[in-house]
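Visitor: First the structure, which I've put down as structure tokens, then a few questions once you've had a look.
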Amino acid sequence: MRIPFVDLKAQYQSIKEEIDKAVQDIILNTAFIKGKAVEEFEKNFAEAIGVKYCIGVGNGTDALIVSLKSLGIGLGDEVLVPANSFIASSEAVTAAGAKVVFVDNHPDTYNIDVNKIEQAITDKTKAIIAVHLYGQPADMDSVLGIAKKHNLFIIEDAAQGHLAEYKSKSGEWKKAGTFGDIATFSFYPGKNLGAYGDAGAIVTNNDELAKKARMYANHGRISKYDHEFEGINSRMDGIQGAVLGVKLKYLQEWTEKRRAAALYYSEKLKEIKGVTTPFVDYEKYNPVWHLYVLRTEKRDALLDFLKSKGVAAGIHYPLALPNLQAYAYLNHRPADFPVASAYQQQLISIPIFPEITKEQQDYVVNTIREFFGK
Ligand SMILES: Cc1ncc(COP(=O)(O)O)c(C=O)c1O
């Protein structure tokens, strides 16, 4: 049996008519950049997350850069970023002109270790980027407490966390993207809400930030040639807005399917010795399972075995950010980030997507069982 890592074709087939019509409408109306479909999507996405504003941009990396710039972060400033993430989380800080300061990840949740944040704070620190990695929210109460104490901004990188929920101290369940000053999303095709090309969004409840971000992503302007400052060109395409508008209607349903699949995996895999299933405190966290990530000492051999049996697995991420060549200039040693550095050799992501069948999941589980039974 061949199990893909994600199955975007199956998803397209299930909504083909609606997608084809939405895309055709954009072409017929030549509404290629921004336009009505994008505006409608922005409105509906803001509503789905529970925020006042959504600004569609070119991709999730730009969303982070525009957010940092809108907060006034740049040269001379430091921004805290989890060591275990995709490079966009840190790359954006450098692109904004500021300095990246990494923080190790928590051994259970893989998200930023809130117990190690304060030791990374200096008088130059301006913000924390809280990544909701793999679709599980970061420990936002702690992040909020630290940010308040040290007067820092919070940018939530929710690229992998569409509709993820977190129960804050007040007892209220709220969506990822509603806790910080500003939050960013990626709609890269493989994401839980994926466009048919690059796309991203910024969400916030702050009037001033929303206005700045919208202008910054559109050459610093309000109207056509009225540029108040220099920005960049990062606007959402009409076709992406139209595709996302169709898909957003199904996102909750798809998310529940991911949750059911994750539960099934955890139930079946917990009996297998040698592999650690994802840790979730369901009292406070309701993840959306962008990735289902296991940990094992025999990672590389398991990866090869799965591949030989037709199961597409992945590694997120093969090198913790501080260990990448791109950050050699920071002169870190792997021991500076002991958890992230150890886990880069242990993490393995197995296929999860809304359309995955029980039969496919059983095959994955049985293949893993066969490997450890050998
Ligand atoms: C955690 C995280 N942040 C940011 C991004 C950047 O998003 P994009 O690929 O849309 O630029 C990604 C996408 O892979 C991501 O996984």
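The values are calculated or read from the model by the stated rules, or taken from the named source; none is laboratory data. What you see is a predicted model; the values in this text were computed from it and never measured. Cβ atoms come from the backbone with ideal geometry, glycine included; neighbour counts cover every protein chain shown. Heads up: the accessible areas ignore ligands, DNA and RNA and are worked out on the full protein's heavy atoms, side chains in. Shrake-Rupley method; radii C 1.70, N 1.55, O 1.52, S 1.80 Å.
Visitor: GluC sites (Glu not before Pro) within region 236-327: which are DSSP loop residues with at most 16 other Cβ atoms inside 10 Å?
Guide: Filter output for region 236-327: Glu271, Glu283, Glu297.
Visitor: Quote to one decimal, in nm, the extra length available between Ile315 and Lys99 on full extension: 0.36 nm per residue of separation minus the C-alpha distance between them.
Guide: Difference between extended and current length: 75.1 nm.
Visitor: At a temperature of 37 °C and a viscosity of 0.692 mPa s, determine how fast region 116-188 diffuses translationally according to Stokes-Einstein, using the Kirkwood radius over alpha-carbon pairs as Rh; express D in µm²/s, rounded to the nearest whole number.
Guide: 263 µm²/s
Visitor: While we're looking at this one, here's another question. If the cut-off is a Cα-Cα distance under 16 Å, which lysines reach Lys9, setting aside same-chain residues fewer than 8 apart in sequence?
Guide: Cα-Cα hits under 16 Å: Lys191, Lys247.
Visitor: Are there trypsin sites (Lys or Arg not before Pro) in region 225-285 that DSSP puts in a loop and that have at most 12 other Cβ atoms within 10 Å, and which ones?
Guide: Sites meeting the loop and neighbour criteria: Lys270, Lys273.
Visitor: I would also like to ask the following. Sort the following peptides by mean Cβ neighbour count (other Cβ atoms within 10 Å, averaged over residues), highest first: 101-113, 159-171.
Guide: Descending mean neighbour count gives 101-113, 159-171.
Visitor: In terms of Cα to Cα distance under 19 Å, which aspartates and glutamates are near enough to Lys224, apart from those fewer than 8 places away along the same chain?
Guide: Straight-distance partners of Lys224: Glu39, Asp237.
Visitor: Mind checking which lysines have their Cα closer than 21 Å to the Cα of Lys124? Skip sequence neighbours fewer than 8 apart in that chain.
Guide: Within reach: Lys69, Lys99, Lys116, Lys148, Lys149.
Visitor: Counting only protein heavy atoms and using a 1.4 Å probe, what share of the accessible area of region 334-374 belongs to carbon plus sulfur, as a whole percent?
Guide: Taking all protein chains in place, region 334-374 shows 52 percent carbon and sulfur surface.
Visitor: Tell me what the chain gives for mean residue ellipticity at 222 nm when only DSSP H runs of n ≥ 4 count, each as -39,500 (n - 2.57), the sum divided by the residue total, rounded to 500 deg cm²/dmol.
Guide: Mean residue ellipticity, 222 nm, calculated: -11500 deg cm²/dmol.
Visitor: Under 1.5 on a/c is rounded, so check that first for the chain, then, if it is not, pick prolate when a/b is larger than b/c and oblate when it is not; a ≥ b ≥ c are the square roots of the alpha carbon gyration tensor eigenvalues.
Guide: Oblate, since a/c reaches 1.5 and b/c is not below a/b.
Visitor: Starting from the Cα gyration tensor of region 71-212, take the square roots of the eigenvalues, sort them a ≥ b ≥ c, and report rounded, prolate or oblate (rounded when a/c is under 1.5, otherwise prolate if a/b is larger than b/c, else oblate).
Guide: It comes out rounded by the Cα gyration axes.
Visitor: Name the residues whose placed amide hydrogens come within less than 5 Å of the amide hydrogen of Asp237, ignoring near sequence neighbours (fewer than 5 apart) on the same chain.
Guide: The list, which skips near neighbours in sequence, is Lys34.
Visitor: Would you pull out the residues with amide H under 5 Å of Thr125's amide H, same chain only if 5 or more places away, H placed 1.01 Å from N?
Guide: Close amide H contacts, sequence-distant or interchain: Glu78.
Visitor: I want to check the label-to-label distance for Lys16 and Glu47. Put each point 7 Å from Cα in the C-beta direction and report it in nm to one decimal.
Guide: Result for the modelled spin labels: 3.0 nm.
Visitor: Here's another thing I want to ask about it. Pick out, in residue order, every one of the chymotrypsin sites (Phe, Trp or Tyr not before Pro) in region 270-374 that is DSSP loop and has at most 15 other C-beta atoms within 10 Å; say none if there are none.
Guide: Phe279, Tyr282
Visitor: Now, a different point. Say we join alpha carbon atoms closer than 10 Å with springs in a Gaussian network model of the chain; which of Asp281, Asp300, Asp237 then has the biggest fluctuation?
Guide: Asp281
Visitor: Between Val79, Val38, Val311, where does the largest GNM mean-square fluctuation fall for the chain, given springs only between Cα atoms within less than 10 Å?
Guide: Val311
Visitor: Can you tell me the order of 142-149, 317-324 when each peptide is scored by its average per-residue count of other Cβ atoms within 10 angstrom, highest first?
Guide: Listed from highest to lowest mean packing, they are 317-324, 142-149.
Visitor: Which of the peptides 180-187, 354-361, 118-125 is most tightly packed, and how do the rest follow, going by the mean number of other Cβ atoms within 10 Å of each residue?
Guide: 180-187, 354-361, 118-125
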